[in-house]
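Taking it in order: structure first as structure tokens, then the write-up.
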Amino acid sequence: MARNTPLAPMIGPESVASLSGAPVRSPKTAELVAGTLRRMVVDGQLKEGDFLPNEAELMTHFGVSRPTLREAVRVLESERLVEVRRGSRTGARVRVPGPEIVARPAGLLLELSGATIADVLVARSGIEPMAARLLAENATPEALEELESMLAEHIPAGWQSGRLAEATGDFHLRMVEMSGNSTLTIIAGMLQEITVRHTAFAIKEHREVSKAEYDKLLRSYRRLLTLLRAGDGAAAEAHWRKHLDTARELLLEGFENIKVRDVMQ
């Protein structure tokens, strides 16, 4: 971290809100320190790659002991907001997480709940069409060119290497990311590994995708891109919903009751 970045004053216990008048446990000092540093990351005062000040500076600023400070840093480390290299003199470094930070826990929850792949694919059908509408209404030329490049290069490369599931999964996720809606992006990122794994499994178990089927797939993607370029949000949403409904029928054929836990093993 640049040493001229001022540290925020420590969040006080009074800032912890009570829900429905219920008594609130007074947070530990380490939790208050961690909360202050977390807020600085959220507010952008601490950015990706910044180093926290050294222990002496932080102890003086917050008025805490070394064990308390280290406990606070461990809290942030467990949240993957900082990376600590043991034995390094550079200290803790800020790491702003992406959707992958919740993907594994979410996958585990789906496994424990007994969720099926059908559940996941239905959820995807609710997420991506709305993202397509938003992207059509707000797409930049750069975003459209990136998707065009994926259709021209990335997906064909995946097809040729036998990694079509991964390549098309990347296209789906990138489309949602470009929609500009952070919540949709996080949910899509949570489901990404599950859907890609099942798609690869379904392709392998049924049979390889024929050239005719591959060409049909690309035509559907190109139709989406045409609608995005036209800025037609309603048509883009409708087309992508139909695309996902068709894909879901194909991907669930013979796997209607397969569980998420079976795919993630």
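Quick notes on this structure:
- Selection status of Glu193, without any contact (Cβ under 8 Å) to a residue 40 or more places away in the chain, assigned to a helix (DSSP H, G or I), under 19 Å from the mean Cα position of the chain (by Cα) and assigned by TED's automatic domain parsing to the domain that holds Leu217: no
- Test: Lys216 is assigned by TED's automatic domain parsing to the domain that holds Leu108, assigned to a helix (DSSP H, G or I), over 25 Å from the mean Cα position of the chain (by Cα) and surrounded by fewer than 18 Cβ atoms within 10 Å (Cβ to Cβ): yes
- Test: residue in region 60-78 that is loosely packed, with under 12 Cβ neighbours inside 10 Å, farther than 17 Å from Ala8 by Cα and in contact with a helix residue (DSSP H, G or I) (Cβ under 8 Å, 6 or more places away or on another chain): yes
- Within region 134-156, the residues that satisfy the criterion of being more than 15 Å from His172 (Cβ to Cβ) and in contact with a helix residue (DSSP H, G or I) (Cβ under 7 Å, 6 or more places away or on another chain) are Ala136, Glu137, Ala139, Leu144, Glu148.
- Hits in region 71-104 (condition: in a loop (DSSP other than H, G, I, E, B) and either modelled with pLDDT of 90 or more or of a type in the set (D, E, K, R) (or both)): Glu79, Arg80, Arg85, Arg86, Arg89, Arg95
- Criterion applied to Met178, Met190 was being crowded, with 20+ Cβ neighbours inside 10 Å, in contact with a helix residue (DSSP H, G or I) (Cβ under 8 Å, 6 or more places away or on another chain) and at pLDDT 95 or above, and the one residue passing it is Met178.
- Unique match (being more than 20 Å from the chain's Cα centre (by Cα) and buried (at least 17 other Cβ atoms within 10 Å of the Cβ)) among His198, His206, His243: His243
- Search result, residues across region 6-32 that are touching a Ser or Thr at 6+ places or on another chain (Cβ under 7 Å) and either modelled with pLDDT of 70 or more or aliphatic (A, V, I, L, M) (or both): Ala8, Met10, Ile11, Val24, Thr29, Ala30
- Those helices (runs of 4 or more DSSP H) of region 105-168 in which 1 or more residues are acidic (Asp, Glu) and over 21 Å from Arg197 (Cβ atoms) occupy 117-138, 141-149.
- If you check Thr183, Thr226 for being among the hydroxyl-bearing types (Ser, Thr, Tyr) and either modelled with pLDDT under 95 or under 18 Å from the mean Cα position of the chain (by Cα) (or both), only one passes: Thr183.
- For region 116-134, the condition of being more than 30 Å from Leu227 (Cα to Cα) and modelled with pLDDT of 90 or more holds for at least one residue.
- The condition (being assigned by TED's automatic domain parsing to the domain that holds Leu135, of a type outside the set (Lys, Arg) and free of Cβ contacts under 8 Å to residues at least 24 places away in the same chain) is satisfied by just one residue among Leu225, Leu164, Leu151, Leu173: Leu173.
- Complete set of residues in region 157-166 that are more than 16 Å from His243 (Cβ to Cβ) and either buried (at least 19 other Cβ atoms within 10 Å of the Cβ) or of a type outside the set (Asp, Glu) (or both): Ala157, Gly158, Trp159, Gln160, Ser161, Gly162, Arg163
- When Gly180 is tested against (1) in a helix (DSSP H, G or I); (2) under 17 Å from Ala136 (Cβ atoms), only condition (1) is not met.
- Among the residues of region 251-265, none qualifies, meaning not one is small (Gly, Ala, Ser) and buried (at least 19 other Cβ atoms within 10 Å of the Cβ).
The values are calculated or read from the model by the stated rules, or taken from the named source; none is laboratory data. Fair warning: this is a prediction, and the values are worked out from it, not measured in the lab. Counting neighbours? That spans all protein chains shown, and the Cβs are built from the backbone with ideal geometry, glycine included.
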